[in-house]
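To keep things clear, I will list the structure first and then write my remarks on it.
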Amino acid sequence: MFNYIIKRFKKIVIRILALLFFLIFLLMVFLYLNYKLGDQYPNPNDLFSYVENNKTDSYLNEKNKEFLKENDIWALRLDKDGKVIEAFDKPREVKDKFEITDVADFTRYYLADYPVFTYILGDGLLIFAYPKNSLDKLPFNYYSYQNLIFNLWLVGIFIVLFLLFVYVFYRMDIRDIFKNLSPLQKAIDKLFEDDYEKLNENGELKDLALAINRANEKYNNLKKSQSKWIRGVSHDVRTPLAKISWELNKESKNDLDVKNIQDQVLKISNILEGLNLTMSLANIDKESFKAENPLKIIRKLTVDKLNENPSREIIFDNLLESPDIKIKMEPNLFYRMVENILKNSLTYTEGKITISLQNLDNKLIIKILDQGEGLSENIIKKIYEEDLTNVTKHGLGIFIAKQIADLHDGRFTLENKNPGLEVSFIFDLIG
């Protein structure tokens, strides 16, 4: 588990670094695109070279004007007194004569908000003006070499510090992961041991700690339950085996009570069948359960038992407000759950048996009431506690019914009436 977490954390760090390099790449792309956008207009030096190479008796001749027009650039030529002696597409707001302060101003900054570039021609000036908002002019034409070196060192230090911080955070997180997961690892190693120490269910990993504690609790409950099952089954199997042995030890085979032997074998078979069912219920996947109508299953069960026991009175009392009800269930198990209770009542009691159904507060309530003597409070307590010791005569079928009800997320209750025993199942309705 630790190796997996460390690998996952390393992947996170690698992704952070990859993201950093990706951001650097995006920055380079950004700078390149800006450079390409700046290349939309000709370089002022290239512009001057073209005009210089194609001048005649004037700088702004027809060929040069055509070139300037193609690039959306206007131009001026000034003499030594600042007077315009040549012009191409000069805007109206631009003066025809400039003072020396004007020249100093637009040489460094802008001329009427136009970015302009100035070149010396003997004792005069040649000025190229680009469209407004096309180019920016820097207010300086120098850069300190020491500042350049300092900034390069600064960038390098920042990168090193970033990588150092990533490493430090990596080590801190690894330490915290080991600190938080070490108790969990020890708990998992001792999950099924008697010296298991319950985990503290607080902190960032409280959900995992809670799940491990619950797993240990379920294991202990299962171990106790299995121990009770084994004691109960061994006790209840011992009695019929002793009777069979007593019959088989009779001196005369003619004295054998075959019917008694058959009854004892059937009793052992029923006990083992019930035990196998209780064990198999623990492995059933509830995800396979579907929304079904329990009404038709209980009706079928009632009809089946009336056909098997024509002399008995079984009353089906349907108090449902609507027959269209559904619960999440597995039909065969649900049938077996109700059948176990009904079969117990048919086997061990006389008189009528009432099966009632009703829905209340979005819940389905199933009650089975017989007219027998009921169960002792000790047996009822053992069934609730899942203790099968000395309960197999009446309680194993009831216990299996309780297990099936639990599997369906239902509630199971036993209550002695006067007379009889009332068994109730309560399930949440769907829809």
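Couple of notes before you dig in:
- Residue list for the stretch 113-163, restricted to those being exposed (fewer than 14 other Cβ atoms within 10 Å of the Cβ) and either aliphatic (A, V, I, L, M) or in a strand (DSSP E or B) (or both): 120, 138, 148, 149, 152, 154, 155, 157, 159, 160, 161, 163
- Across the stretch 417-431, the qualifying residues are those that are assigned to a loop (DSSP other than H, G, I, E, B) and more than 46 Å from the chain's Cα centre (by Cα), and the one among them that is surrounded by the fewest Cβ atoms within 10 Å (Cβ to Cβ) is 418.
- Filter result (among the hydrophobic types (A, V, I, L, M, F, W, C), surrounded by 13 or more Cβ atoms within 10 Å (Cβ to Cβ) and either at pLDDT 70 or above or farther than 21 Å from residue 398 by Cα (or both)) within the stretch 257-274: 261, 265, 268
- All positions within the stretch 191-221 that are surrounded by fewer than 13 Cβ atoms within 10 Å (Cβ to Cβ) and assigned to a loop (DSSP other than H, G, I, E, B): 192, 193, 194, 195, 197, 198, 200, 202, 203, 204
- Total residues in the stretch 50-67, condition outside any loop (DSSP other than H, G, I, E, B) and either in contact with a helix residue (DSSP H, G or I) (Cβ under 8 Å, 6 or more places away or on another chain) or in contact (Cβ under 8 Å) with a residue 40 or more places away in the chain (or both): 4
- Just one of the listed residues (351, 372) is over 26 Å from residue 430 (Cα atoms), surrounded by fewer than 17 Cβ atoms within 10 Å (Cβ to Cβ) and more than 48 Å from the chain's Cα centre (by Cα), namely 351.
- Residue list for the stretch 325-351, filter: in contact with a Leu (Cβ under 9 Å, 6 or more places away or on another chain) and of a type outside the set (A, V, I, L, M, F, W, C): 326, 330, 335, 336, 339, 340, 344, 345, 349
The values are calculated or read from the model by the stated rules, or taken from the named source; none is laboratory data. This one's a predicted model, so the numbers in the text were calculated from it and none came from an experiment. A quick note on method: Cβ atoms are made from the backbone with ideal geometry, for glycine too, and the neighbour counts reach across all protein chains shown.
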